[in-house]
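The values are calculated or read from the model by the stated rules, or taken from the named source; none is laboratory data. Keep in mind the model is a prediction, meaning the values are calculated, not measured. For neighbour counting, all protein chains shown are included, and Cβ atoms are generated from backbone atoms with ideal geometry for every residue, glycine included. Ligands, DNA and RNA are stripped out before the accessible areas are found, and what is left, the full protein with its side chains, is counted by its heavy atoms. Shrake-Rupley method; radii C 1.70, N 1.55, O 1.52, S 1.80 Å.
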Amino acid sequence: MHEKIITFASPVFFLLIAIEFLVARKRQKHLYRINDAISSLSLGVMSQITGVFLKLLSVGGYAWVFTNFAALTLDPASVGVWLTGLLLYDFLYYWLHRMGHKTNLLWAAHVVHHQSESYNLTTALRQTSTGPLFGWVFYLPMAIIGFPVQVFVVIALMDLLYQFWIHTEQINKLGWFDRVFVSPSNHRVHHAVNDIYLDKNYGGILIIWDRLFGSFIEEQDNEPVVYGTRRPLRSWNPLWANLEVYKAVWQDAWNTRNWADKFLIWLRPPGWRPADLRLSPAKHFDLARPLYDPFVSNAAIGYCLLQFVALLQAATYFLLAYKSMSALNAVVYATWLIFSLWCIGGLIEKGRLYLIPESLRLLAILLMSMLSANWFYSYALSVTEQALIAAGCIISTGALCFIFLPKNTHGHLPH
């Protein structure tokens, strides 16, 4: 249900993104970079795809604890149960979020949401694919108290959806609202890498948790927010975005000679290293660093944008239809979708180095539309529809070669 609601809400998300883009342009605030936006949206799509498989762990784990250890079975028809549940969920979310900034194991998942050096509504959709591995444990008190699974799932979705609108620079401070609820101003602070703002304002819906537990700071007029992470990602690769911190921590855990640190490093704060690996002082973080923005041509960006829009349709179909697929088909389809996102990110970042993977991706589209009755749609494709897909793949391949293959000074392909 979670993924279906998110899927059906997507047109609203994109409408609001378009409105924010136009408002920002009118105000002469060019907050959107297409490469960054595609990267953030790709990570959002990937999180929904992987969530199809990981919800067996997160929702399944909650359901098992509720079935076996619930002290009560609260009535899902009661308004009080829903209000109390939302309040409790938001409280537990605060602590999950706070620990997500204080321990390597949880930061490795959460870092994805902070990697963008821009801040707009696409940033809200920039979500982790590995968060469900451990995050669900923080909500088990709700299961033990007796909140039914369906209540937990819907409340979790409500808390998540609320946080979409706060990822914008187009809404200023809101007076009394900022003192009670998480607002755009409060959450801008949370995404900052400025020393004064670092690791503040963890709330999901209510900012009162931060006020109660000493993690609140107000956005300062004389301290403009700088976004990103202290160890910048410097990549549009969605797979690397999800794995960069896991790899760094794993390498330190492997290389340290202290056996206790091999395990404790996962519970240490981000940036902490075992004593025997601290060979040099930490590099100074420069707030004025240039944004990550490797050059690619407008034609290349246009190609990647069109391919991403087409991919959204395939991803939407998968999220709506995976339950009717065999396990093997679902895994193959999800793998192809993630591979496609990797290809698009690679083309934006490194151009022609991804020509072969992208060509293979297009070939896979052609073959699967011909060999499978309902690979991209819930009905068997007609000959005309198959011909249109084939033509699209051929045209895309031609455009791919024309845009990304190197040309000589006369604009022709080299011999």
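Data table
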item: Residues within the range 57-72 that are farther than 13 Å from W136 by Cα, among the β-branched types (V, I, T) and modelled with pLDDT under 95, tallied; result: 0
item: Check on C304, under 23 Å from the mean Cα position of the chain (by Cα) and in contact (Cβ under 8 Å) with a residue 24 or more places away in the chain; result: yes
item: Qualifying residue in the range 394-408 (condition: out of contact with any strand residue (DSSP E or B) (no Cβ under 7 Å at 6 or more places or on another chain), modelled with pLDDT under 75 and farther than 28 Å from N35 by Cβ); result: no
item: Residue, modelled with the highest pLDDT, within the range 1-31, restricted to residues that are open to solvent by less than 40 Å² (accessible area, probe 1.4 Å) and polar (S, T, N, Q); result: S10
item: Odd one out for A260, checked against (1) assigned to a loop (DSSP other than H, G, I, E, B); (2) among the aliphatic types (A, V, I, L, M); (3) open to solvent by 30 Å² or more (accessible area, probe 1.4 Å); result: (1)
item: Among the candidates D36, D75, residue that is of a type in the set (D, E) and open to solvent by 50 Å² or more (accessible area, probe 1.4 Å); result: D75
item: Residue within the range 255-270 that is modelled with pLDDT of 95 or more, of a type in the set (V, I, T) and under 28 Å from C304 (Cα atoms) present; result: no
item: For N201: the one exception among (1) on the phi < 0 side of the Ramachandran plot; (2) touching an Asp or Glu at 6+ places or on another chain (Cβ under 7 Å); (3) modelled with pLDDT of 95 or more; result: (1)
item: Residue ID - least open to solvent (accessible area, probe 1.4 Å), chosen from residues in the range 144-176 that are part of a loop (DSSP other than H, G, I, E, B) and without any contact (Cβ under 8 Å) to a residue 24 or more places away in the chain; result: G175
item: All positions within the range 223-257 that are open to solvent by less than 50 Å² (accessible area, probe 1.4 Å) and not in a loop (DSSP other than H, G, I, E, B); result: Y227, P238, A241, N242, E244, V245, Y246, A248, V249, D252, A253
